[in-house]
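What follows is a short report on a single structure.
The values are calculated or read from the model by the stated rules, or taken from the named source; none is laboratory data. Keep in mind that what you see is a predicted model, and the values were worked out from it rather than measured. Every residue, glycine as well, gets a Cβ built from its backbone with ideal geometry; the counts of neighbours run over all protein chains shown. Accessible surface areas use protein heavy atoms only, side chains included; no ligands, DNA or RNA. Shrake-Rupley method; radii C 1.70, N 1.55, O 1.52, S 1.80 Å.
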Amino acid sequence: MMAAIVSPLTDRTAWKALQAHYTQVRQLSLRQLFADDPERGRRMSVEALGIYFDYAKNLITDETLSLLVQLARESGLRERINAMFRGEKINVTEKRAVLHVALRAPQGESIEFEGTDVVPQVHAVLAKMAAFADRVRGGAWKGHTGKPIRNVVNIGIGGSDLGPVMAYEALRSYSQRSLNFRFVSNIDGTDFFEATQDLDAEETLFIISSKTFTTLETMTNAHTARDWALASLKDTAAVARHFVAVSTNAEAVAKFGIDTANMFEFWDWVGGRYSMDSAIGLSTMIAIGAENFRSMLDGFHQMDEHFRTAPFERNLPVLMGLLGLWYNNFFDAQTVAVLPYEQYLKRFPAYLQQLTMESNGKRVTLDGKEVSYQTAPIYWGEPGTNGQHSFYQMIHQGTKLIPCDFIAFSRPLHELGRHHDLLLANVFAQAEALAFGKTSAEVEAENTPAWLVPHRTFEGNRPSNMILMEQLTPEALGKLIALYEHSVFTQGAIWQIDSFDQWGVELGKVLAGRIIPELEAPSEAPLTHDSSTNELIRRYRGAKRP
Ligand code: F6P
């Protein structure tokens with residue numbers, strides 16, 4: 001079913017009102033707004049599901065917020081959310097449903113796709129994953145020579161890698177430390193070499209993770225892994241003990257030589273970048289155990305329910321999506337910095353890059369018309385406090401407006417002297433410094449020489465969100481990821497784009513497919529590319545065969 005027809009974004013009443021409102025608001029100062037309303041900090045925050053979301057340090061007034069909420073309504077966000085949960089094919093260009101929410105629906109709930117309740121299928125796969133994970137963790141799953149598994153190598157790329165790596169790193173303190181986890185994604189042979197050079201094949205399990213089971217990088221690495229394992233194990237029967245697959249494509253899995261009994265299934269209604277809580281999370285489950293994995297799913301589900309039911313004014317993903325859109329479309333901000341003050345979340349910004357930019361990096365609307373406004377901003381970031389000694393200079397004093405998402409947890413996973421107080425003091429201080437800055441009068445009052453005053457002045461008024469949670473648990477991680485997933489959904493619905501396709505990755509794949517045989521052909525073989533590409537190919541051929 002096609003999505004409900006809504007008017008083009010720039011024709012909507014709330015959009016026009018926001019344009020007019022922006023011209024008044026852009027001059028506002030956060031210092032003034034806080035001075036005028038001593039309750040602003042408490043008022044402009046929402047507490048839900050153990051998340052304290054403080055959005056007071058944004059360049060907004062109550063009117064901004066109500067216009068943004070009105071824009072969400074006029075954009076049919078509610079209908080779009082319902083359509084997703086009903087299993088409608090809202091990924092219109094691929095004619096697919098978008099049902100990652102079913103991956104975390106508890107047993108007994110029902111989510112239908114084409115007349116079938118998919119929740120029992122989801123739980124059947126989860127049970128199969130749990131049984132397998134228990135055997136690997138407990139040493140009952142033996143390698144070909146009878147040794148238990150000590151190393152788990154996930155081979156996958158994009159959504160079949162970024163989620164598993166991020167979740168493993170994020171939940172490392174919950175992981176079984178006797179197992180080593182490695183992740184191979186890149187077609188660059190260095191990735192495979194470094195991940196395996198100190199491993200013993202007899203104790204190594206490869207998880208080949210690929211939704212399609214056709215991706216060049218993953219298939220190449222999977223074949224290399226097979227050769228690497230068989231070079232030591234010397235018996236093709238060993239493949240069954242050392243290789244399992246996660247895929248939607250049983251035929252290709254069987255063709256590769258993996259017994260489909262050792263395949264963990266998911267479905268084409270799960271997008272790659274929304275799949276880390278499907279069987280693609282097998283490495284995560286082996287690392288943290290089935291129970292922790294279930295509590296991560298429960299965190300996701302709580303956020304799904306909040307997104308589905310909470311009024312927009314107090315709906316965390318909706319608010320986050322709207323605030324992002326405010327800077328992206330009205331202040332013309334080009335990027336968003338995601339700054340987790342939690343070392344375990346070091347891969348979270350990289351994970352969010354695929355989630356946000358592969359989803360919303362689109363230039364045409366659902367009906368194929370070119371957009372006349374900006375879509376996805378660039379996401380980037382590093383954990384605090386490291387970034388403070390690197391790029392924060394630009395966020396504080398550069399010429400670009402960079403809205404920031406700070407993420408922090410009140411309780412550390414490792415109590416270590418004063419470390420956590422110092423960490424949290426820094427995250428609160430950064431948000432404060434960005435918002436309120438330091439005026440030239442304040443700098444002068446410190447007896448600063450006049451010539452140095454402009455250099456030491458901070459103009460402030462630089463917006464940020466603060467996401468404060470209690471502790472980084474599997475459940476908290478599930479909530480945090482779903483918060484971003486649904487905020488991406490919110491923005492995509494308003495921009496009226498297909499957040500669930502990724503045609504932009506195709507052309508490069510096709511052209512690489514054409515160039516591969518040219519690099520492997522004899523050096524005199526004729527070339528028909530542009531003169532720049534031809535010369536690059538010739539030089540590479542020359543270097544390869546000097
Ligand atoms: O790069 C495009 C893409 O299709 C991503 O969307 C996806 O996550 C990744 O490739 C990997 O795909 P697969 O899981 O099918 O190997």
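Classify region 279-347 from the C-alpha gyration tensor, please: rounded if a/c falls under 1.5, else prolate or oblate depending on whether a/b exceeds b/c. All intermediate terms of the calculation are to be shown ahead of the outcome.
Numbers: a/c = 3.17, a/b = 1.57, b/c = 2.02.
Taking the square roots of the gyration eigenvalues as a ≥ b ≥ c, region 279-347 is oblate.
Under a 5 Å amide H to amide H cut-off, with H placed in plane at 1.01 Å, what residues pair with Phe264 once short-range neighbours are removed?
Ala245, Val246, Ser247
State the Cα centre-to-centre distance between region 1-75 and region 264-300 in whole Å.
Result: 34 Å between the Cα centres.
Determine the percent antiparallel among the DSSP beta bridges restricted to the chain, to the nearest 5. If you can, show how the numbers build up before the last one.
On the way: 14 of 44 bridges.
The antiparallel proportion sits near 30 percent.
Express in whole angstrom the spacing between the alpha-carbon centres of region 480-525 and region 168-218.
For region 480-525 versus region 168-218, the Cα centre distance is 23 Å.
Going by the alpha-carbon gyration tensor, a ≥ b ≥ c the square roots of its eigenvalues, is region 17-64 rounded (a/c under 1.5) or, if a/c is not under 1.5, prolate (a/b greater than b/c) versus oblate? Present the calculation step by step, with values, prior to reporting the outcome.
Values: a/c = 3.00, a/b = 1.60, b/c = 1.88.
It comes out oblate by the Cα gyration axes.
Tell me which of Cys404, Leu536, Gln496 sits at the most positive position along the dipole axis of the chain, charges placed on C-beta atoms (Lys, Arg +1; Asp, Glu -1).
Value: Leu536.
Ranked highest first by average number of other Cβ atoms within 10 Å, how do 284-292, 398-406 line up? Numbers along the way, then the final one.
Values: 284-292: 22.6, 398-406: 17.8.
Ranking the peptides 284-292, 398-406 by packing returns 284-292, 398-406.
Rounded to the nearest 20 debye, what is the charge dipole size of the chain about its Cα centre when +1 sits on each Lys and Arg Cβ and -1 on each Asp and Glu Cβ?
On the way: 53 positive and 64 negative charges, 103 e Å.
The dipole of the chain has a size of about 500 debye.
Counting heavy atoms of the protein chains only and a 1.4 Å probe, report the per residue accessible area for region 179-255 as a whole number of Å². Don't skip to the end; give the middle numbers.
Details: 3330 Å² over 77 residues.
The answer is 43 Å² per residue.
Search the structure for amide H atoms under 5 Å from the amide H of Phe113, placed 1.01 Å from N in the peptide plane, and list their residues when 5 or more places away or on another chain.
Long-range HN contacts for Phe113: Val118.
Phe181's amide H: which non-local residues (gap 5+, or another chain) put their own amide H closer than 5 Å, with H modeled 1.01 Å from N in plane and none for Pro or chain starts?
Correct list: Val152.
Rounded to whole Hz and in sequence order, give me ³J(HN,Hα) for region 286-294 from the Karplus expression 6.51 cos²θ - 1.76 cosθ + 1.60, θ = phi - 60°, writing x for Gly and Pro.
5, 5, 9, x, 5, 5, 5, 4, 5
Can you compute the charge dipole magnitude of region 339-439 about its Cα centre, using +1 on each Lys and Arg Cβ and -1 on each Asp and Glu Cβ, nothing else charged? Give it in debye, rounded to the nearest 20. Could the numbers behind the result be given before it?
Working: 9 positive and 9 negative charges, 32 e Å.
Rounded to the nearest 20 debye, it is 160 debye.
Looking at the square roots a ≥ b ≥ c of the eigenvalues of the Cα gyration tensor of region 429-497, which shape do they give, rounded for a/c under 1.5, prolate if a/b is larger than b/c, or oblate? Don't skip to the answer; put the middle values down first.
On the way: a/c = 5.82, a/b = 2.22, b/c = 2.62.
Oblate, since a/c reaches 1.5 and b/c is not below a/b.
What does the highest-first list of 350-357, 255-262, 494-501 look like by mean Cβ count within 10 Å? Can you show the working numbers first?
Numbers: 350-357: 21.8, 255-262: 14.8, 494-501: 23.5.
Sorting 350-357, 255-262, 494-501 by mean packing, highest first, produces 494-501, 350-357, 255-262.
I'd like the Karplus ³J(HN,Hα) series for region 433-443: coefficients 6.51, -1.76, 1.60, θ = phi - 60°, whole numbers in Hz, and an x wherever there's a Gly or Pro.
4, 4, 6, 9, x, 8, 6, 5, 5, 5, 5
For the peptides 196-205, 471-480, what is the packing order when you average, over each peptide's residues, the other Cβ atoms within 10 Å and list the highest mean first?
Output ranking for 196-205, 471-480: 471-480, 196-205.
Run down the aspartates and glutamates and flag those whose C-alpha is under 12 Å from the C-alpha of Lys234, throwing out any fewer than 8 positions away in its chain.
Candidates past the 8-residue exclusion: Glu202.
Just tell me which aspartates and glutamates come within less than 16 Å, Cα to Cα, of Lys362; anything on the same chain fewer than 8 places away is out.
Partners found: Glu94, Glu370, Asp498, Asp501, Glu506.
Nearest 500 deg cm²/dmol is fine: what mean residue ellipticity at 222 nm does the chain get from its DSSP H runs of n ≥ 4 alone, each adding -39,500 (n - 2.57), divided by its residue count?
Working: 22 runs with 243 residues, N = 546.
Mean residue ellipticity, 222 nm, calculated: -13500 deg cm²/dmol.
Counting only heavy atoms of the protein chains, get the accessible area per residue of region 1-80 (1.4 Å probe) and round it to a whole Å² value.
Averaged over the residues of region 1-80, the accessible area is 51 Å².
Please get the size of the charge dipole for region 460-546, origin at its Cα centre, with Cβ charges of +1 on Lys and Arg and -1 on Asp and Glu, quoted in debye to the nearest 20.
Working: 9 positive and 11 negative charges, 97 e Å.
Around 460 debye, computed over region 460-546.
Any idea which of Gln302, Thr448, Ala133 is furthest toward the positive side of the dipole for the chain, if Lys and Arg beta-carbons carry +1 and Asp and Glu beta-carbons -1?
Ala133
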